[in-house]
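In what follows, a single structure is set out as structure tokens and then discussed.
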Amino acid sequence: MISHSRRHCVVELQALPSRIGQIRRIVSAQLRHWQLDPLIDRAALGVTELLSNVHRHAQPDKTCTVEIEFRLGRLTVSVIDSDPRLPVLREAAMDALETCGRGLALVAAVSEAWGARHQTDGPGKVVWFSLAAAPAPVAAPRPVRIATKPVREPARTTLVAVDPAAVSPGVSVAASVGARPG
């Protein structure tokens, strides 16, 4: 299920490897819609790591909710699952050859802040990270050249009111309009 408002989007899913790519694409599309293109790579990487942790560690099931919210210049991505165990950030001095266990360190590295807390309204936890956000720069308007041609003014028409009684009886009023008084 996907629901969203102007600056808030919620997606419920099973944290399975096939679904993680879909969620990454949904997050990317939503950020493009909000014109937050510079944050797409970091947000997609962070949500991928959090969903991978749910897939690996969450018990009893892999059902979770991803929330993304843009408010007051900050993007916050949260993953909520039903496992009450809070994640632990491993020491930085891990063996260089380890192939897993670096997800939270990676989330910490790409975000300005991150954290985890127990849910207040039920079992489970919320793991989140945030990124300082600025809308993508809008391209500066380019000047538009418009070809212009001089406009000739139409010939002015002069209307003169003539009293028909003042015109000699054999002269038409139309003919006397251009005549000069003598």
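Check whether at least one residue in segment 95-103 is modelled with pLDDT under 90, in contact with a Gly (Cβ under 7 Å, 6 or more places away or on another chain), of a type outside the set (Phe, Trp, Tyr) and more than 22 Å from residue 119 (Cα to Cα), and report yes or no. No: segment 95-103 contains no residue that is modelled with pLDDT under 90, in contact with a Gly (Cβ under 7 Å, 6 or more places away or on another chain), of a type outside the set (Phe, Trp, Tyr) and more than 22 Å from residue 119 (Cα to Cα). Of all residues in segment 50-63, none that is within 19 Å of residue 114 (Cα to Cα) has its Cβ atom under 6 Å from the Cβ atom of a residue that is of a type in the set (S, T, N, Q) and open to solvent by 40 Å² or more (accessible area, probe 1.4 Å), 6 or more apart or on another chain.
The values are calculated or read from the model by the stated rules, or taken from the named source; none is laboratory data. Here the structure is a predicted model, which is why all the values come from computation and not from measurement. Here the Cβ is made from the backbone with ideal geometry for all residues, glycine too, and neighbour counts use every protein chain on show. What goes into the accessible areas is simple: the full protein's heavy atoms, side chains included, and nothing from ligands, DNA or RNA. Shrake-Rupley method; radii C 1.70, N 1.55, O 1.52, S 1.80 Å.
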